[in-house]
Every structure is written in C-alpha cells, then in structure tokens.
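To keep things clear, I will list the structure first and then write my remarks on it.
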Amino acid sequence: MQINDSIKDISVKLKRIYRDLHQIPELAFEEHRTAEYIKRTLEEENFSNIHSEIGGTGVTATIGKGEPIVAIRADMDALPIEEETNLPYSSKHIGMMHACGHDAHMTAVLGAGMVLKHEINELPGAIKFIFQPAEETPPGGAQEMIKANILNKELKTILALHTEPHLPSGTIGVKDGAIMAAADMFTIKLIGSGGHGAMPHQTRDVIVAGSYLVQAIQTVISRMVNPLQPAVVTVGSFNAGTKANIIAGKAELKGTVRTLDPKLRESMPKLIDQVINGVCNSYGVQYTFNYDWGYPPVINDSTAVKTLREAAKKTIGIENVINVDSPSMGGEDFSYYLERIPGVYFYLGVGKRNQTDIKPWHHPCYQIDEEALLVGAEVLAQTTMDVLRRENSGS
Ligand code: NI
C-alpha cells in the first residue's frame, strides 16, 4: 500500500484527534489529560511498549521489530494564553491555548505511526515515538526524557517538525545545519552605594553605571563577535530605584543571549563579563553576573536533511519543499536530542492559502490549516521508511 493511500484512510481520524487535543491544552509538565489521550490512542492503534509518566508526563511507544532505529518526537505543552479564534473546537481550558501548534505536532506524529503500521511487515527495523512535555519552559522536558533513558543506542536518526504559519499548507521548510539558536539567559546585579539625589559625589550610582552597561554590552556583538556569525544580546529588564531624588544603590539587569555556533556560544559569558567588569570598575560599582545556559542551538544533520528532502520530493513534490534561508533566533529543546543522535527538525507549512492576515506563534488567534496534518504525517512516515531502508542496505 502506498503511504499516500494510507494517509487518505486516516484523514478523518487525524483531524478528530487534532480537534480533541486542541480543546485540552495544558501547561508545561501538567500535560496529564493530553498524555492520557495520547496513551489511549496508542493503545487503540496497537502500538507496542507504551510507557507513560516518562520524565514527568511524557509518553513513548514503538512499532516494528527489534530495537528502534528511528525516533520521531512531538512536544505536548500549550501556553498560558486565552484563545480568541472562535473556532467550534476552541480550548476548553480557561487561560490556556495550543498557540504554538504542539497539538498539530502530536497529531502528525501519531498519524505517521498509524501509516507506518500499515507497512509494518516490510519494515526492516523498529521506530520509537516520543511525546515530550514542557518544550516552552526551559530547562524543558527533553532533558528529563533523555535522563529517563529513552534514547537507545541503536537509534540512528531522530525527526521532529514544527508548524510554521508563514509557509503555506502543503509545503515544508527545510534547512541544513543550524535552524534555531541557543537561548541563554543572564542576570547582572549591580551593587553601589545610595544617597541623596542632590549629592551624587557621596554615592556610587548604579543607574548611571547600569545605563552605560546596557549600551556597552551591545559592543560585544558589534566589536567582539565575527560580523559573519549571528548573535544577539538583549537586556530585557532593568530594575533600580524608588524615588526621583534618591540615588539607587542596587540594580538588577536581566537579558538573553542568542547564538548559532556552539563555540561562539561558549565564549559569550566571558566576553560579556569583560564588559561588565570594565564598566563597573570605571563607576566604582560592584557586581555579580549569573549566566544560565538554556537550550543549545538546533543543528540539523546533512545526511538526515538529504533523506528528508528526497522523501518530501516523493510525497509532496519538489515544488513544495521550501529552502529556509536563515535560521531563527528562537530556541527549541529538540537540540538536546540532536546533540546525541543525528537528525532533522523541519517546518510544516500550516498557513491557509490566500490568507493575508497570518497570526504568528503564541498569538491568541493562532490557527492552522488542518490539511497540513496529513502532509506532516506523510513526510514523517516517508522519511522514516527511507532511513530504515538506508540503514538496512548498509549504505
Ligand atoms: Ni513551539
């Protein structure tokens, strides 16, 4: 049976699953109803080795014979957003919404599994399905799943997709190498000495020092990082002071750093610290600097990308395989899997054709074209088949 025919057979079922999941959005590590729904569906569809409560609320399952060689991962969490789409299947959970399309990810991965089960007798190896909690909330669910030993050593390739409303439904977006940035955070505390606003010479003013620091920190990007390497430093929060005529003695600055290159990423704390140190010295202010490592960059493997492209050409046609030119500076914890297993993370076009007013990720009116669910399932299934055949032929 052709994958394409199998997809048509499960089309109605997949759309129902999507709508069911869309109505029960849950926040990071609280995906209990979602996990229960996934588990029940896997049981109904006769998947094997179904395990729940992995790394919190995660669920895994397999199909096929032997140890899994390919893994497909979906994230499960939703966002604290009140849905405003007015869809008949809108969120039933007040203040929560699948506004990043993780409901579509779960549906596409389930769909891929259902299709691959039709091919089970021809499959030369097993496939693992990973439903992971808490992608939206660093440190995230991926690390918890990995700590729970879900990645067996035989795994050769891991796949994941993310909905992309700016690509039309029927297409996918593919990029070799880095596709998403590392997302690190930092906190700087400035410790000066407060006093009267009219007598600055008796104080160590952290607002003046901090204001200069916000500017100076940008020179890390403009003067210390290779201009051909993408990097962002943003100070998103600066808290100090209480009253117009009081010089503040304490300040706190919080920010984020985004990089694509792992080596550059490693060098960032030292470069930033150098600037903080210089500024604080010149103003006679003390400081502490905490750097929190977030998700690593998402780096796609060339071989996996090639297999995906070929599989997509077969299923949706070359004209629907869109090259993603530049990586996003957003972050994603699929990177933790990719640090251990080569694989590919790609975009699933979910934009309704001819729609001009497209709402971005995390918007209360975020919507997808449900036909894209079938495309996602089909491309994941074909890519998985092709990896299994490749591994089996030893090429
Ligand atoms: Ni997302």
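FYI, it's all coordinate maths here, none of it is from the lab. Quantities reported herein were computed from a predicted structural model and do not represent experimental measurements. Glycine also receives a Cβ, built like all others from the backbone with ideal geometry; neighbour counts cover every protein chain displayed.
Data overview
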| item | result |
| --- | --- |
| Net charge, Arg204 excluded, C-beta distance under 15 Å - Lys, Arg +1, Asp, Glu -1 | +1 |
| Within segment 191-300, trypsin sites (Lys or Arg not before Pro) in DSSP loop having at most 10 other beta-carbon neighbours inside 10 Å | Lys243 |
| Dipole magnitude (debye, nearest 20) for segment 8-69, charges at Cβ of Lys, Arg, Asp, Glu | 360 |
| On Cα atoms only, tilt of 302-316 relative to the major axis of the chain in degrees | 50 |
| Folded to 0 to 90 degrees: helix 3-23 orientation relative to the chain principal axis, Cα | 40 |
| Relative contact order computed over segment 1-119 (Cα-Cα under 8 Å; 6+ residues apart), in percent | 33 |
| In nm, spacing of pseudo-spin labels at Asn121 and Ala148 (7 Å Cα→C-beta vector) | 3.4 |
| 20 Å Cα cut-off, lysine pairs counted over segment 47-167 (separation 8 or more, or different chains) | 10 |
| Angle in degrees between helix 32-44 and the longest Cα principal axis of the chain, rounded to the nearest 10 | 20 |
| Virtual paramagnetic centre 7 Å along Cα→Cβ of Asn245, amide N under 18 Å, in segment 191-226 | 194-203 |
| Proximal charge balance of Ser6 [Cβ under 15 Å; K/R count +1, D/E count -1] | -2 |
| Whole-number percent relative contact order across the chain, with pairs defined as alpha carbons under 8 Å at least 6 apart | 24 |
| Residues His196 and Asp273, FRET efficiency given R0 of 41 Å [Cβ-Cβ distance, rounded to 0.05] | 0.80 |
| Loop trypsin sites (Lys or Arg not before Pro), segment 292-395, which have at most 13 other Cβ atoms in a 10 Å radius of their Cβ (DSSP) | Arg340, Arg353 |
| Mean separation of Cα contacts under 8 Å (6+ apart) over length of segment 182-295, as relative contact order % | 45 |
| Distance (nanometres) between label positions extended 7 Å along Cα→Cβ at Gln355 and Glu53 | 3.9 |
| Tensor-based shape of the chain (alpha-carbon gyration tensor, a/c under 1.5 rounded, otherwise prolate or oblate) | prolate |
| Contour excess over end-to-end distance, with Cα ends at Leu228 and Cys365 and 0.36 nm allotted per residue | 45.7 nm |
